[in-house]
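Asks: Please find one structure pasted underneath; my questions will follow.
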Amino acid sequence: MRLFLGGLVHETSSFSPLPTSVQSFRDGVLIRRTDPQALQQVTAQPNLMGVIDAAARHGDTLLPGLYAEAQPSGPLSRADYERLRDELLADLRASLSLGAVDAVLLVLHGAMLAEGYHDCEGDLLLRVRDVVGPAVPVGALLDLHCNLSPAMVESGAVLVACKEYPHIDYAARGEELHTLLSAMARGELAIRAQWQRVPMLGIFGTTQPPMRDFVLQLQASEQTVPGVMSVSVLHGFAWSDTPYTSAAVLVLAQDTPAARKAAAQLLGELAETFYGLRKRAAANRLPLQLALDEAVAAMQQAQGRPVVLADTADNAGGGAAGDSTFVLRALLDRGIQGVALGMIWDPQAVAIATSAGVGARLPLRIGGKVGPMSGDPVDLDVEVLACRSDARQRSLTPGGTDPLGPAVAVRARGIDIVLNSIRQQVFSPACFTELGVDPTTQRLLVVKSTQHFRSGFDAMAAAVVYADTPGSLASDLGRLPYRHLPRPIWPLD
């Protein structure tokens, strides 16, 4: 195929204290078609690894367009979103002007917002369809925290979302999407999408039952239900306040009467099953003090392995600032030692500690800088353990890494604290080991992440405790000032 590749990826929190602009994408990933190394840079993106491998096996010609990713944060301005959207559409038109485009494959998220746009993905996909016409296959690779909208489906795009949380299956889903688009481009396959909203929201990790079993059920249905090609279960993103915010189930099937009937039956069964799991599948997130009680008890039974405590509400991967101090202050108040905590986003503290150098002892004000949801700064006398300008952590996609920016590790009162300059959540133990902190020797590891940390830490953890900490992603959805959320919806109603 001549395959057009592009992306516009942002998980938008309506309640984030941090604005989003084109600069946010420059700070993340912003690859333009006119860049001399555009093709090389696009093909190196972790989210596209499965697509790139499949395209190489099939001898595809790749036509790169705009590819942009930014860390989760607040809504974009109308002007900035339209600027990025229109650049991507212009790149697509430019590719069409140079010859036929057999298929379009985009990496999106499914929960991107801008001023005046509750559904950026739906808007973009409808405009892509207008550009390429009805016959060219269009596909989009989505995050499972997508808020599926009618416009996204009505665009006729082939929508495939990752099934796992942590999102460790992007490569597999990319290969799946490429396979579907290839068959459609050859005229061998016509697809009909059917979907159903599931009126619930929550955090549903897939590493343990019952969600582990549900994912296996989804995978089995793709192999056993005649005519069904792909099943995606969208968990929704609760912190995007839109008329489409909700869980959903999406089934792609061959466009034949028998396949459509089988898909409709499967869709109803899966939606009912998913809704029935809502209470058992949601992570047990304890108030901070109770979570620390449970962590301390687990530490006493850990037999030399670390206990992992997740600071779930200060997850940069959901739009939080990543600089909250609530857990750090509680640890200090209790005198808990043998702890490694990461990562607190604090470029100013990193610069001060780096200037002082390894081995220095100095007073340092840590965290609490963005706003009320970050808590108050913590003033500590620290020892600088390590300084790095090139530290990275493993990303969710095998082989991929993410830069931490200038980073330091400091020690105060029995707690090793990793501070970094590029805001992101904890994915892997490398965020500690890159700064000389051995996580396996700690009694307690505190990670600023909601669920993605499990792919990197489960193997070493004696126990995992989820703390419902104060912050931008606190789990009490009833306290969020929704204006557009469709009602009724669980757990609010």
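The values are calculated or read from the model by the stated rules, or taken from the named source; none is laboratory data. Note that the structure is a prediction, hence the values are computed from the model and not measured. All Cβ positions, glycine included, derive from the backbone under ideal geometry; neighbour counts span all protein chains shown.
Asks: Filter segment 472-493 down to residues that are part of a loop (DSSP other than H, G, I, E, B), over 16 Å from Lys279 (Cα atoms) and among the charged types (D, E, K, R), then give me how many there are. Break it down stepwise before answering.
Replies: Quick first cut of segment 472-493, residues part of a loop (DSSP other than H, G, I, E, B) only: 472-476, 480-489, 491-493.
Filter once more, so that each one left must be over 16 Å from Lys279 (Cα atoms): 472-474, 480-488.
The next check asks that each one be among the charged types (D, E, K, R); those that pass are 483, 487.
Looking only at that region, the number is 2.
Asks: Looking at segment 141-157, which of its residues are closer than 13 Å to Val104 by Cα and either outside any loop (DSSP other than H, G, I, E, B) or within 16 Å of the chain's Cα centre (by Cα) (or both)? Even if it seems obvious, please write down each step before you answer.
Replies: From segment 141-157, those closer than 13 Å to Val104 by Cα are 141, 155-157; that's our starting set.
Result: Leu141, single match.
Asks: Which of the residues spanning segment 432-475 are crowded, with 22+ Cβ neighbours inside 10 Å, among the small types (Gly, Ala, Ser) and within 15 Å of Met299 (Cβ to Cβ)?
Replies: Answer for segment 432-475, where residues must be crowded, with 22+ Cβ neighbours inside 10 Å, among the small types (Gly, Ala, Ser) and within 15 Å of Met299 (Cβ to Cβ): just Ala467.
Asks: Identify all residues within segment 118-149 that are aliphatic (A, V, I, L, M) and farther than 30 Å from Ile168 by Cβ; write none if there are none. I'd like the intermediate steps shown before the answer.
Replies: Going residue by residue through segment 118-149, those that are aliphatic (A, V, I, L, M) are 124-126, 128, 131-132, 135-136, 138, 140-142, 144, 148.
Those that are aliphatic (A, V, I, L, M) and farther than 30 Å from Ile168 by Cβ: Leu126, Val131, Val132, Ala135, Val136.
Asks: OK, next. Can you name every residue in segment 297-332 that is of a type in the set (Asp, Glu) and under 11 Å from Val378 (Cβ atoms)? Outline the logic, then answer.
Replies: If we filter segment 297-332 for residues that are of a type in the set (Asp, Glu), which is where we start, we get 311, 314, 323.
Asp323, the sole residue that qualifies.
Residue-wise test of (1) assigned by TED's automatic domain parsing to the domain that holds Gln23; (2) within 21 Å of the chain's Cα centre (by Cα); (3) among the small types (Gly, Ala, Ser); (4) within 21 Å of Gly205 (Cβ to Cβ).
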{"position": "Arg423", "(1), (2), (3), (4)": "no, yes, no, no"}
{"position": "Pro429", "(1), (2), (3), (4)": "no, yes, no, yes"}
{"position": "Glu434", "(1), (2), (3), (4)": "no, no, no, no"}
{"position": "Arg454", "(1), (2), (3), (4)": "no, yes, no, yes"}
{"position": "Tyr466", "(1), (2), (3), (4)": "no, yes, no, yes"}
{"position": "Thr469", "(1), (2), (3), (4)": "no, yes, no, yes"}
{"position": "Pro486", "(1), (2), (3), (4)": "no, no, no, no"}
{"position": "Asp493", "(1), (2), (3), (4)": "no, no, no, no"}
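Asks: So, one more: Restricting to segment 342-380, name every residue that is within 23 Å of Gln71 (Cα to Cα) and assigned to a strand (DSSP E or B).
Replies: Across segment 342-380, the qualifying residues are Gly342, Met343, Ile344, Trp345, Ile366.
Asks: Name the residue, out of Val215, Val160, that is part of a strand (DSSP E or B), touching a Ser or Thr at 6+ places or on another chain (Cβ under 7 Å) and at pLDDT 95 or above. Outline the logic, then answer.
Replies: Numbers: Val215 fails: part of a strand (DSSP E or B).
That would be Val160, the only listed residue that is part of a strand (DSSP E or B), touching a Ser or Thr at 6+ places or on another chain (Cβ under 7 Å) and at pLDDT 95 or above.
Asks: Okay, next question. Among Leu419, Leu380, which is the only one that is in the same structural domain as Ser355 (by TED's automatic domain parsing) and within 28 Å of Gln45 (Cα to Cα)? Write out each step before concluding.
Replies: On the way: Leu380 fails: within 28 Å of Gln45 (Cα to Cα).
On inspection, the qualifying residue turns out to be Leu419.
Asks: Restricting attention to segment 53-88, which residues are touching a strand residue (DSSP E or B) at 6+ places or on another chain (Cβ under 8 Å) and over 25 Å from Ser24 (Cβ atoms)?
Replies: Within segment 53-88, Ala55, Asp60, Thr61, Leu62, Leu63 meet the criteria.
Asks: Something else: Could you list, ordered by first residue, the pairs with Cβ atoms under 6 Å in which the first is in segment 413-431 and touching a residue at least 40 places away in the same chain (Cβ under 8 Å) and under 15 Å from Thr441 (Cα atoms) and the second is part of a loop (DSSP other than H, G, I, E, B) and of a type in the set (A, V, I, L, M, F, W, C), at least 6 apart or interchain?
Replies: If the second residue must be part of a loop (DSSP other than H, G, I, E, B) and of a type in the set (A, V, I, L, M, F, W, C), the pairs left are Asp416/Val437.
Asks: Please determine whether any residue of segment 460-469 is polar (S, T, N, Q) and touching a residue at least 40 places away in the same chain (Cβ under 8 Å). Walk me through how you get there before you give the answer.
Replies: Step one: filter segment 460-469 for residues polar (S, T, N, Q), giving 469.
Narrowing the set further to residues that are touching a residue at least 40 places away in the same chain (Cβ under 8 Å) leaves 469.
Within segment 460-469, one or more residues are polar (S, T, N, Q) and touching a residue at least 40 places away in the same chain (Cβ under 8 Å).
Asks: Then there's this: Might you let me know whether segment 23-32 holds any residue that is over 20 Å from Thr179 (Cα atoms), over 22 Å from the mean Cα position of the chain (by Cα) and touching a residue at least 12 places away in the same chain (Cβ under 8 Å)?
Replies: Start the filter on segment 23-32 by keeping residues that are over 20 Å from Thr179 (Cα atoms), which leaves 23-32.
Subset that is over 22 Å from the mean Cα position of the chain (by Cα): 32.
Now drop any that are not touching a residue at least 12 places away in the same chain (Cβ under 8 Å), which leaves 32.
Scanning segment 23-32 turns up at least one residue that is over 20 Å from Thr179 (Cα atoms), over 22 Å from the mean Cα position of the chain (by Cα) and touching a residue at least 12 places away in the same chain (Cβ under 8 Å).
Asks: Quick one: in segment 46-63, of everything that is of a type outside the set (A, V, I, L, M, F, W, C) and touching a Ser or Thr at 6+ places or on another chain (Cβ under 9 Å), which residue is nearest to Val101 (Cα to Cα)?
Replies: First pass over segment 46-63, keeping only residues of a type outside the set (A, V, I, L, M, F, W, C): 46-47, 50, 53, 57-61.
When the remaining residues are screened for being touching a Ser or Thr at 6+ places or on another chain (Cβ under 9 Å), the result is 46-47, 50, 58, 60.
Values: Pro46: 24, Asn47: 22, Gly50: 20, His58: 16, Asp60: 11 Å.
Only one residue fits best here, namely Asp60.
Asks: Within segment 265-274, is even one residue outside any strand (DSSP E or B), modelled with pLDDT of 95 or more, closer than 30 Å to Asp438 by Cα and of a type in the set (A, V, I, L, M, F, W, C)?
Replies: No, segment 265-274 contains no residue that is outside any strand (DSSP E or B), modelled with pLDDT of 95 or more, closer than 30 Å to Asp438 by Cα and of a type in the set (A, V, I, L, M, F, W, C).
Asks: Over 24 Å from His109 (Cα atoms), surrounded by 14 or more Cβ atoms within 10 Å (Cβ to Cβ) and outside the structural domain of Gln451 (by TED's automatic domain parsing): does that describe Ala247? Step through it out loud before you land on a result.
Replies: Numbers: over 24 Å from His109 (Cα atoms): no; surrounded by 14 or more Cβ atoms within 10 Å (Cβ to Cβ): yes; outside the structural domain of Gln451 (by TED's automatic domain parsing): yes.
No: the conditions fail for Ala247.
Asks: Please name all residue pairs, on different chains or six or more residues apart, with Cβ atoms under 8 Å, provided the first residue is in segment 165-188 and is surrounded by 22 or more Cβ atoms within 10 Å (Cβ to Cβ) and the second residue is among the aromatic types (Phe, Trp, Tyr).
Replies: Between residues of segment 165-188 that are surrounded by 22 or more Cβ atoms within 10 Å (Cβ to Cβ) and residues that are among the aromatic types (Phe, Trp, Tyr), the close pairs are Tyr165/Phe204.
Let's see how each residue does on (1) closer than 15 Å to Gln196 by Cβ; (2) surrounded by fewer than 24 Cβ atoms within 10 Å (Cβ to Cβ):
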| site | (1), (2) |
| --- | --- |
| Leu234 | yes, no |
| Phe237 | no, no |
| Gln254 | no, yes |
| Ala259 | no, yes |
| Leu286 | no, yes |
| Leu292 | no, yes |
| Ala298 | no, yes |
| Gln301 | no, yes |
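Asks: Moving on. Collect the residues in segment 148-198 that are in contact with an Asp or Glu (Cβ under 8 Å, 6 or more places away or on another chain), farther than 19 Å from Pro137 by Cα and of a type in the set (A, V, I, L, M, F, W, C), keeping them in residue-number order.
Replies: Cys162, Ala171
Asks: Then there's this: Any idea which residue in segment 381-401 is farthest from Gln424 (Cα to Cα), counting only those that are of a type in the set (Gly, Ala, Ser) and assigned to a loop (DSSP other than H, G, I, E, B)?
Replies: Selected residue: Gly399.
Asks: Next up: Of all residues in segment 470-484, count the ones that are in contact with a helix residue (DSSP H, G or I) (Cβ under 9 Å, 6 or more places away or on another chain) and modelled with pLDDT of 95 or more.
Replies: 0
Asks: Assuming Thr206 fulfils every condition listed in (1) part of a helix (DSSP H, G or I); (2) crowded, with 20+ Cβ neighbours inside 10 Å; (3) in contact with a helix residue (DSSP H, G or I) (Cβ under 8 Å, 6 or more places away or on another chain) apart from one, which condition is it?
Replies: (1)
Asks: Pick out the one residue from Val128, Val136, Val132, Val153 that is touching a residue at least 60 places away in the same chain (Cβ under 8 Å) and out of contact with any helix residue (DSSP H, G or I) (no Cβ under 6 Å at 6 or more places or on another chain).
Replies: Val153
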